[in-house]
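The values are calculated or read from the model by the stated rules, or taken from the named source; none is laboratory data. Treat the numbers as computed from the prediction; the structure is a model and nothing was measured. Every residue, glycine among them, receives a Cβ derived from its backbone with ideal geometry; neighbour counts consider all protein chains shown.
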Amino acid sequence: MKNTKWLLLMAMTLVLSIFLAACGGTEEKKEDASKEDSKDGNATETPKKEDGEPDAEQILNLAESAAIPSVDSAIVEDAVGFNVLNNVNEGLYRLDQENKAIPAMAAEEAEESEDGLTYTFKLRDAKWSDGSPVTADDFVFAWQRAIDPATGSPYGPFMMSGTVKNATAISEGKMDKKELGIVAKDEKTLEVTLERPVPYFLSLMSFGTFYPQKEAFVTEKGDAYATNSDNLLYNGPFTLTDWDGTGGSWVYKKNEEYWDAENVKLTQINVNVVQDSATAVKLYQDGKLDRAGVSGDLAMQYSTDPEAVVQPETSVFYMKFNQKKLKEEETPLANVNIRKAIAKSFQKEDLADVVLANGSLPANFLVPKDFAFDESQKDFRDISGDHLTYNVEEAKEFWEKGLKELGVDSLELEILGGDTDLSKKMDEYFKSQLETNLEGLTIKLKEVPFAVRLELDEKQDYDIQISGWGPDFQDPISFLDLFVTDGTNNLMSYSNPEYDKLIADSKAELALKPAERYEAFAKAEKILLEDDAAIAPIYQRGLIFLEKPHFKGLVSHPFGADYSYKWAYISGKE
């Protein structure tokens, strides 16, 4: 996930905020982080609700975790913004109810060249909310604007560099944006040329950064573009109204110009920003919200409520082991046996079930469950297996060996964490587990505000830190690419040439060999975790929501934007 999504995940890791960029929910982003049920790439939520026909006023009341920072597809970088963008605009592809990328603005499946470097899209007869047609030029303009250094897009360079032809050089100011590998062959034909074969490319086409923008409208609005709901155009299921650019509320209204409007049942969605879980639950109980997220102690309290919905996510959290303090001074965590000892010495099941109590799953992996699937639809987790499972006896053996290699009989290490109540509970849990199971280990807890944590992380001024990641596209590399040598998110001085080669190979000679590519990913994950214990997986996050039985058809996504309201409706409301 891009840096911003990562930052938000860090912020939310232990806070487990109300909805994490969702209605009522990454990165991050985005933030950030992703979603839900026992998704075989598919399911949206549990428990399943009986279907029913829309039979009441189709107005929904939801909450968001924060105000909208922007709805400019070139600028959006937060989970709320991407969630809004996904519901009022649309790209060449959209994630459907089974979380598969299907043609949206594209009228049919893209034509792919034999070498995997060129994609040709035929656009459907779709309209903007002002009645004008959506054209191939709208995509060319939007993509060029997102990669242009003058725009300052956080996601344009991240999503396009090394993927779309010439994107890297353009983002570095070494080439004109018009050289980007996207061309309008005619009004309804778009051709995209890539730097290398990208197996997940069509998945990327559902991501907000790749949405179209109408050049004449953007130019006319100038600096006012996307500053409020009146200064935007929409080509998605809904339009945005009553957003003044700063306020804590807004409204979605059905977009009658949308090409698939007949399948959009909701006429209006009222959204208010609610940052406190207790407040959200009270509004829900008073009938003022149709969905409310619960966190912290409330999660355990409401976990058995008949209206509780468990929403598994694809965000994974882990301990980062910093091998060089301030990027220079080697720490005890540079010793692989010390890292393995810590990674295997804490009980993940109790943490997930008792401390978090929100549907989170113990994680013995980096790439999450129910996220990435091979050509036969086999979950990557079934291919790669478990790593660094809890085993106190093995942990003690690694610990003794590591201490001997370091020439010491005890160690003092610090866990850098947040300053929220739940963060402190988790830190205390880790401290108890590690000190109990590893004789001679003393854990100091450093609990600081989010901004301070970011600063310490950037400097690599920490020993152990809790971090997390949620994906932007459906591929294991969204996680595994984080830990290549000198990677921008590898702020812990980890390096393994064999790991680097496997990741590089997955982008080159293995790009069009899916079975071998997944084998390389499995080997890389084993090196990262089992062999090197560069990080220590903790849990795959889940969320608990209270949801009215009459709220049907919400689709949550395992990557990209959090939710789609396109298929949602009200049925059986009393």
Practice task
Answer yes if at least one residue in the range 412-419 is of a type outside the set (V, I, T) and closer than 30 Å to E375 by Cβ, and no otherwise.
Solution key: no
Completion exercise
Filter the range 266-304 for residues that are among the small types (G, A, S) and surrounded by fewer than 21 Cβ atoms within 10 Å (Cβ to Cβ); the one that is modelled with the lowest pLDDT is G296
Practice task
Taking the residues in the range 479-501 that are hydroxyl-bearing (S, T, Y) and surrounded by fewer than 23 Cβ atoms within 10 Å (Cβ to Cβ) as candidates, determine which candidate is nearest to F321 (Cα to Cα).
Solution key: S493
Practice task
Give the range 520-574 a look and list any residue that's under 21 Å from the mean Cα position of the chain (by Cα) and closer than 14 Å to Q58 by Cα, or say none.
Solution key: L554, Y565, K566
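State whether one or more residues within the range 521-535 are small (G, A, S) and touching a Pro at 6+ places or on another chain (Cβ under 6 Å).
No; the residues of the range 521-535 include none that is small (G, A, S) and touching a Pro at 6+ places or on another chain (Cβ under 6 Å).
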Exercise for the section: Only residues in the range 540-559 that are within 19 Å of N86 (Cα to Cα) and β-branched (V, I, T) count as the first member; pair them with residues that are outside any strand (DSSP E or B) and at pLDDT 95 or above, Cβ under 7 angstrom, at least 6 apart or cross-chain, and list the lot. Expected result: V555/Q97; V555/W567
Problem - Check on P558, buried (at least 21 other Cβ atoms within 10 Å of the Cβ) and under 30 Å from Y234 (Cα atoms) - result: yes
Exercise for the section: Confirm whether D427 is in contact with a helix residue (DSSP H, G or I) (Cβ under 8 Å, 6 or more places away or on another chain) and within 23 Å of N364 (Cα to Cα). Expected result: no
Completion exercise
Flagged in the range 176-190 as surrounded by fewer than 22 Cβ atoms within 10 Å (Cβ to Cβ), touching a strand residue (DSSP E or B) at 6+ places or on another chain (Cβ under 7 Å) and under 18 Å from Q144 (Cβ atoms), in numbering order, are G181, V183, A184, K185, T189
Handout entry: Contacts under 7 angstrom Cβ, first residue in the range 80-101 being over 19 Å from W243 (Cβ atoms) and among the acidic types (D, E), partner at pLDDT below 95 and in a strand (DSSP E or B), 6 or more apart
Key = none
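Which residues, counting only those in the range 557-574, are part of a strand (DSSP E or B) and over 14 Å from F207 (Cα atoms)?
Of everything in the range 557-574, those that are part of a strand (DSSP E or B) and over 14 Å from F207 (Cα atoms) turn out to be Y569, I570.
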Exercise for the section: Taking A352 as the residue in question, decide whether it is buried (at least 24 other Cβ atoms within 10 Å of the Cβ) and in a helix (DSSP H, G or I). Expected result: no
Practice task
Tell me which residues, restricted to the range 232-265, are in contact with a Phe, Trp or Tyr (Cβ under 6 Å, 6 or more places away or on another chain) and either in a loop (DSSP other than H, G, I, E, B) or under 18 Å from M105 (Cβ atoms) (or both).
Solution key: L233, N235, P237, F238, D242, W243, N255, K265
Exercise for the section: Could you tell me whether the range 461-470 includes any residue that is at pLDDT below 95, surrounded by 20 or more Cβ atoms within 10 Å (Cβ to Cβ), within 21 Å of Y539 (Cβ to Cβ) and of a type in the set (A, V, I, L, M, F, W, C)? Expected result: yes
Completion exercise
Screening T193, T151, T168, T219 for residues that are touching a strand residue (DSSP E or B) at 6+ places or on another chain (Cβ under 7 Å), among the hydroxyl-bearing types (S, T, Y) and either surrounded by fewer than 20 Cβ atoms within 10 Å (Cβ to Cβ) or not in a loop (DSSP other than H, G, I, E, B) (or both) leaves only T193
Exercise for the section: Give the residues of the range 517-556 that are assigned to a loop (DSSP other than H, G, I, E, B) and touching a Phe, Trp or Tyr at 6+ places or on another chain (Cβ under 6 Å), sorted by residue number. Expected result: A534, G553
Completion exercise
Checked against (1) within 18 Å of the chain's Cα centre (by Cα); (2) at pLDDT 90 or above, A43 satisfies every condition except (2)
Problem - Condition broken by A451, with the remaining ones in (1) assigned to a helix (DSSP H, G or I); (2) closer than 19 Å to L529 by Cα satisfied - result: (2)
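Right, S65: small (G, A, S) and under 20 Å from T135 (Cα atoms) or not?
no
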Exercise for the section: Return a yes/no flag: does the range 433-448 have any residue that is within 25 Å of the chain's Cα centre (by Cα), assigned to a helix (DSSP H, G or I) and either of a type in the set (S, T, N, Q) or crowded, with 17+ Cβ neighbours inside 10 Å (or both). Expected result: no
Fill in the blank from the handout: The number of residues in the range 101-148 that are surrounded by fewer than 21 Cβ atoms within 10 Å (Cβ to Cβ) and within 23 Å of the chain's Cα centre (by Cα) is 2
